[in-house]
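Okay, structure first, notes after.
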Amino acid sequence: MSLLVVGLSHRSAPVSVLERASLAAETQAKLLQDTLAAEPAVEAAVLATCNRIELYADVDKFHAGVAELSTLLAQHSGVGLDELTPYLYVHYEDRAVHHLFSVACGLDSMVVGEGQILGQIKDALALGQELHTAGRLLNDLFQQALRVGKRAHSETGIDRAGQSLVTFGLEQLSAGADVTGWARGKRALVIGAGSMSSLAAATLARAGVAEIVVANRTRARADRLVEILRQPGGTGVAARAVEMAAVTGELTRADVVVSCTGATGLVLTAEAVAGALGLALDPASEAPAASVPAPPADPDRHAAWVENGSAGTVRQAVRRATVPAQGAGPVRLALLDLAMPRDIDGATARLDGVRLVDIESLAEASADAPMAADVDQVRTIVADEVAAFGAAQRAAHITPTVVALRTMAAGVVAGEIERLDGRLPDLDEKQRAEISQTVRRVVDKLLHAPTVRVKQLASEPGGAGYADALRELFDLDPQTVAAVSRADLNDPNRGRS
């Protein structure tokens, strides 16, 4: 079996495609179940964030796996396969491991070095464990990715290379001014009560806003977030929760709005924002479609297309064609849309006194952000960890065979001791124990060097064949080896986060 990842992200696809391809929580669960039902896959995990959708699987056939995973992503995202395929990337075996480790370190994030991706990777692993779609390989892979990401943040200054999407978004809203000074005394409306919205609320509270109003479809979640914000040991900010129906009224009192919900349609329309500000909505003509080069449809060639910069050309052209100019005049209402698909109508950016920052404009701004020298150090960490993970997986592959060999040897020793008991019935217990111990020591010494050496050889590239050689040389029962593998795989304590 081999690791395969098929996905799309802000690096390979325009935001408009990512927006349409986003997966709700229940859709992610169905995708995992259907992936396991497909013939090529025996394990599966999905990593779905605001700017990436990736399906990981342990497959026995590369081309069949790519075709099946691509089809499943198209079916569950609702974007046609022909339309989705040009934006998909494919990573296999060590390249797939390298990709996830890079993602975990924040190297592949829209804002380099942001740490929120670690929580999202943990959630992806938890979902796979809950649905029993993550087996030995994916449990090991995602657990190691979390450790690599934490190592990168603790051993390097990657945090200085970028910030969380929330912090970066607020910096864009403040137009270069100090966020704390810009936010102090403002009234903030936070729409949504999930992890991103909670982080936004906490960040705004620490920045010194005067009040935070939380609106959420489920009122109980909004109440819980408000309770956390009010805690004396927390931010201590003045906070209250409202129903989603009250959002329009709260807009008239807000200075800053942050929205990140799981809604499939717009939460804030241009009409609602214009009404709150007492403006007349002036319908503007849509920008013409951009003329951009089409990416290759073959997933095997797509990675090279992304790496040589063609994907960036597409993204920049799409941004120029779709991002409206910001409204004129002093900013009366600052809007930060962190949702995918988007919560806030892009037409609000054309309203006088409104400043809108969304995922698309964040992608454009972060493309020009300076890369810290620590990024190179993180890349070295990732390369070392990929090599170590590969060696560990190859060594683990031979472990069931070594266990089966030692089990067979123990059975031979037990049989011979039993025969000795029949031939020499007058041996006392001390003599029998001494003979048994001597025979076992001889067998252990004979097996020690070969088993240690075969594990070392198996951990090297191309070492997978040593397990087959060991089974052949010692005539081991394949069913016994398989039973050891199943016992290890079904260990309830293995890979739990």
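The values are calculated or read from the model by the stated rules, or taken from the named source; none is laboratory data. What you see is a predicted model, and the numbers here were worked out from it, not measured in a lab. We place every Cβ from the backbone using ideal geometry, glycine too, and count neighbours over all the protein chains shown. We work out accessible area using only protein heavy atoms, side chains counted, and drop any ligands, DNA or RNA first. Shrake-Rupley method; radii C 1.70, N 1.55, O 1.52, S 1.80 Å.
Remark: pairs (first residue in region 88-116, aromatic (Phe, Trp, Tyr); second residue open to solvent by less than 10 Å² (accessible area, probe 1.4 Å) and part of a loop (DSSP other than H, G, I, E, B); Cβ separation under 8 Å; 6+ apart in sequence or on different chains) = TYR89/SER12.
Kindly establish whether LEU470 is at pLDDT below 85, among the aliphatic types (A, V, I, L, M), surrounded by 15 or more Cβ atoms within 10 Å (Cβ to Cβ) and not in a loop (DSSP other than H, G, I, E, B). Walk me through how you get there before you give the answer.
Numbers: at pLDDT below 85: yes; among the aliphatic types (A, V, I, L, M): yes; surrounded by 15 or more Cβ atoms within 10 Å (Cβ to Cβ): yes; not in a loop (DSSP other than H, G, I, E, B): yes.
Taking the combined requirement at face value, the residue satisfies it.
Within region 90-98, is even one residue in a loop (DSSP other than H, G, I, E, B) and open to solvent by less than 20 Å² (accessible area, probe 1.4 Å)? Scanning region 90-98, I find no residue that is in a loop (DSSP other than H, G, I, E, B) and open to solvent by less than 20 Å² (accessible area, probe 1.4 Å), so the answer is no. For region 414-438, the set of residues classified as open to solvent by 90 Å² or more (accessible area, probe 1.4 Å) and not in a helix (DSSP H, G or I) consists of ASP426 only. Taken as a whole, the condition of being under 30 Å from GLU93 (Cα atoms) and either of a type in the set (A, V, I, L, M) or at pLDDT 80 or above (or both) applies to ALA404.
One residue is enough: does region 77-86 have a residue meeting the conditions touching a strand residue (DSSP E or B) at 6+ places or on another chain (Cβ under 9 Å), over 21 Å from VAL148 (Cα atoms) and touching a residue at least 24 places away in the same chain (Cβ under 8 Å)? Yes: region 77-86 contains one or more residues that are touching a strand residue (DSSP E or B) at 6+ places or on another chain (Cβ under 9 Å), over 21 Å from VAL148 (Cα atoms) and touching a residue at least 24 places away in the same chain (Cβ under 8 Å). Within region 246-270, the set of residues being closer than 23 Å to LEU23 by Cα and open to solvent by less than 10 Å² (accessible area, probe 1.4 Å) comprises VAL258, SER259, LEU268.
Picking from LEU146, LEU88, LEU170, which residue would you name as being under 23 Å from VAL17 (Cα atoms) and in contact with a helix residue (DSSP H, G or I) (Cβ under 7 Å, 6 or more places away or on another chain)? Spell out the reasoning first.
Values: LEU146 fails: under 23 Å from VAL17 (Cα atoms); LEU170 fails: under 23 Å from VAL17 (Cα atoms).
After applying the criteria, what remains is LEU88.
Among the conditions (1) modelled with pLDDT under 95; (2) in contact with a strand residue (DSSP E or B) (Cβ under 8 Å, 6 or more places away or on another chain); (3) under 13 Å from LEU47 (Cα atoms), LEU118 misses just one, which is (2).
VAL46 meets each of the listed conditions (1) under 22 Å from GLN393 (Cα atoms); (2) surrounded by fewer than 22 Cβ atoms within 10 Å (Cβ to Cβ); (3) β-branched (Val, Ile, Thr) apart from (2).
Considering only residues that are more than 24 Å from the chain's Cα centre (by Cα) and of a type in the set (Val, Ile, Thr), which ones fall in region 192-210?
Residue satisfying the conditions is VAL209 alone.
Residues of region 130-176 that are of a type outside the set (A, V, I, L, M, F, W, C), over 17 Å from the mean Cα position of the chain (by Cα) and in a helix (DSSP H, G or I): ARG136, SER154, GLU155, ASP159, ARG160, THR167, GLY169, GLU171, GLN172.
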